[in-house]
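The values are calculated or read from the model by the stated rules, or taken from the named source; none is laboratory data. What you see is a predicted model, and the numbers here were worked out from it, not measured in a lab. No Cβ is skipped: glycine too gets one built from the backbone with ideal geometry, and neighbour counts run over all protein chains shown. Surface areas here come from the heavy atoms of the whole protein model, side chains and all, with no ligands, DNA or RNA. Shrake-Rupley method; radii C 1.70, N 1.55, O 1.52, S 1.80 Å.
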Amino acid sequence: MTPVSITDRTGVPLGAAASAGPQHPLAAANQLLAGETVHQFIAESGAATLLAASAVAGARGPSTGPTPEALGARIDAVDLSAPLGGTNAALTEAADLYLKDAVYFHHPRYQAHLNCPVLIPAVAAEALVTSVNSSMDTWDQSAGATLIERRLTRWTADLIGLGTDADGIFTSGGTQSNLQAMLIARNHAVASRTGSLPERLAGLRIYASADSHFSISKAATLLGMGEDAVVSVPTDSAHRMDAAALRSAVEADAAAGLTPMAIVATAGTTDFGAIDPLAACSALAGEHGAWFHVDAAYGCGLLISRHRDRLAGIEGADSVTVDYHKSFFQPIGSSALLLADGANFGHITHYSEYLNPAGQAGTVPNQVDKSLQTTRRFDALKLWVSLRSMGAEAIGALFDELIDLAATAASLVAAHPELELAAEAQLSTVVFRFVPAGHDDAAPGAAIALNALQDEIRASLYSSGEAMVAATTVDGARHLKLTLLNPRATLADLEAVLTAVVVAGARLTEEAAR
C-alpha cells in the first residue's frame, strides 16, 4: 500500500519544515497540534487508540472490582511534578491507572446504570471534534458545526412533532436539559408578574411523578424556588404518574391561589422505564396555562423505534429533554433540549459586546443565545456521523432489541422461585429481588435483613468482576435492577447474570445463618 502523503496548503509535506527549521523557543510548543506536528499527532493518537482497543478486547468482565482505597493509593502515589518525558510513557501509565480498572459498558454483563456501549462511527467522529476543538458559542468559532447542530435539533424536533417554530440546543446531559427547561418555564411564568424575583416566585408549583428524575427537584432549588415547590404526584401500579392524582393536585393548588408553573412528565423513568400519560398531562397543562415538559432522556430512543406509538402525546410538549448518549448509543455527553416555540429561548438570552452583541441579534447564528454554557464542545457531530453512516432505522432497531431483551429477562425472573419481579418491564430495565427459600416476612428483622441482602449481592458481583447490576428501593424494599443498554447481550448473558445473583444470594444467606 502506498503511504498517504499529508501536505499543507502549499503542497509541501507537513512536518518537513519542522525538521529543517529551528526549534520553537518554547519547546513545549512542539506538543501543540499544528500543521507541523501532525505526524506526531497521528503516531500518538494511534498509540492511544491501540491501548483503548486492547483494553476493550481484553476485558474479561465489566469491572475488576477495585476499591476506592486500593486504586486511590496508586493514583495518589503519582508525582505530578515529575513528568515522564513523553506521551507514550504517559499513556502507558494512564492505561495502568485508568484502563486496567475501568468499568466497561460494552461488556454484555454490565447491566447496572443507564450507560450504553457506543457506536464506532460516533467514536471516530470524536477524533475530529477533539482535534479541531471548535467552540459552539458563536458562529465565528464554529461555522459549519453550528449548522450541523441546528440541523440535528430540527430533525429531532420533527421526530417529536413539535412543529415549524421549534428549536433546540445541545447540552451536556439530561440534568442540564431539565434545568434549562425549568429555567425557561420559570422565566416564562414570572414575565408578567411585578416585584423582585423572589417575590415573583411566590406560589409557583412544579408537578412531577414520585418516580421522576431528581434533577427536577434540584432545578427548583437552583432556581430559587426550593424543593417544596415540586409537588410529588403518586404513581399507578405500573409506576406511571397517576393522571387523576395529578389533576386533583393541580386543581387543589389552583383553588388555594397557587400557580401551576409546570407539569413534568417522564418518558422512561430511571428505574422502571415508565412513560407517564403524556396526552393527559398535556391537556391538563393547557387548561391551567402551565408549561408542559417531557423528560425523555431515556425513552427518546422510541422516537426511531417500532414502538414510537408509546410516545403518543409528546408532540404537545412545550419542551423535551433527549439523551442521545443513552438510547442512541452515543458517547457522553450528547443531550439536547427542544422547545416547541424557539422564541422562548429568549427567556434566557444574554448579550455581550465581545461575544454576541445585541445589535447583531438575529443576523448571525450564535448558539450561545440559546445555551446555558458559553464554551461548549461540538457534541452534535458524533450523532451526525452515526446517522449518515448507519441511518436512524438501524439505530432504532438496536433499541428495539433491548426492549425485547428486557421482556425476556423479566420472564426469566418471574419463572425463578427465588427471584421476585417488582413490575413488568416497560423499556429496558428489570427490577427484582432475591428472596431466599424459606424466607419469613413476619420474622423479626426479616425486612431489614432482606434489604441488606440485595446490596450485599450487588457488592459481591462487583467485587468478583463477573457482573454489574444496579439497586433501587421500591416502597421501602430494596431491589436489584438490570439496566439493559447493550444490544450485543444475549440470552446466555442474562442467564449468567441471574445465576450469579442467585448463587451469591444463597451463599450470603447461608453465611448469615451460621
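With each run of n ≥ 4 DSSP H residues scored as -39500 (n - 2.57), what mean residue ellipticity at 222 nm is computed for the chain after dividing by its residue count and rounding to the nearest 500 deg cm²/dmol?
Numbers: 17 runs with 214 residues, N = 514.
Value at 222 nm, helices only, nearest 500: -13000 deg cm²/dmol.
Assuming R0 = 35 Å, can you tell me the calculated FRET efficiency for the pair residue 495 and residue 348, based on Cβ-Cβ distance, to the nearest 0.05?
Values: r = 49 Å, r/R0 = 1.41.
With R0 = 35 Å, the Cβ-Cβ based efficiency is 0.10.
Dipole orientation for the chain: of the candidates 442, 429, 373, 373 has the Cα lying most toward the positive pole (charges on Cβ; Lys, Arg +1; Asp, Glu -1). Across the chain, the mean sequence separation of Cα contacts (distance under 8 Å, 6 or more residues apart), normalised by length, yields a relative contact order of 19 percent. DSSP beta bridges fully contained in the chain are about 55 percent antiparallel.
Relative to the Cα centre, the charge distribution of the range 380-440, modelled as +1 at Lys and Arg Cβ and -1 at Asp and Glu Cβ, gives a dipole magnitude of about 400 debye. When the solvent-accessible area of the range 41-113 is split by element, carbon and sulfur atoms take up 65 percent of it, the probe being 1.4 Å. Here the dipole of the range 148-288 is about 400 debye; that uses its Cα centre as origin and unit charges on the Cβ of Lys and Arg (positive) and Asp and Glu (negative).
Taking amide H positions as modeled 1.01 Å from N, with prolines and chain starts lacking one, the residues under 5 Å from residue 474 and 5 or more places away or on another chain are 479.
Global size of the chain: 25.8, 84 Å for Rg and Dmax (C-alpha atoms, Rg to one decimal, Dmax whole).
Close amide H pairs (under 5 Å, H built 1.01 Å from N) link residue 274 with 268, 269, residues at least 5 positions away or on another chain.
Where a Cα-Cα gap under 18 Å defines reach, which lysines qualify for residue 481, not counting those fewer than 8 residues away within the same chain? In chain and number order, the partners are 326. Calculate, in whole percent, how much of the Cα-Cα pair population of the range 400-451 lies beyond 16 Å. When every Cα pair of the range 400-451 is considered, 47 percent fall beyond 16 Å. Computed from backbone phi with θ = phi - 60° and the Karplus coefficients 6.51, -1.76 and 1.60, the 3J(HN,Hα) list for the range 347-352 is 5, 10, 6, 10, 10, 10 Hz; x is used for glycine and proline. A 1.4 Å probe run over the protein chains yields, for the chain, 47 Å² of accessible area per residue, whole-number rounding.
Between residue 204 and 259, the built amide H atoms are under 5 Å apart, and every one of these is 5 or more places off in sequence or on another chain. Distance between the modelled labels on residue 76 and residue 218, one decimal in nanometres: 2.7 nm (7 Å Cα→Cβ projection).
Restricting everything to alpha-carbon atoms, can you work out Rg to Rh for the range 179-337 with a Kirkwood hydrodynamic radius?
Working: Rg = 15.2 Å, Rh = 15.8 Å.
My calculation puts Rg/Rh at 0.97.
Out of 343, 66, 501, whose Cα points farthest toward the positive end of the dipole of the chain (charges: +1 Lys, Arg; -1 Asp, Glu; placed on Cβ)? Looking along the dipole axis, the top candidate is 343. The charge dipole of the chain, taken about the Cα centre with unit charges on the Cβ atoms of Lys, Arg (+1) and Asp, Glu (-1), comes to about 760 debye, rounded to the nearest 20. Centroid-to-centroid, using Cα positions, the range 147-188 and the range 67-144 are 28 Å apart. Taking the protein heavy atoms of the range 394-514 in the context of the full set of protein chains, the accessible area attributed to carbon and sulfur is 55 percent at 1.4 Å.
Among 492, 358, 288, which residue has its Cα furthest toward the positive end of the charge dipole of the chain, with +1 on Lys/Arg Cβ and -1 on Asp/Glu Cβ? Farthest along the dipole direction, towards plus: 358.
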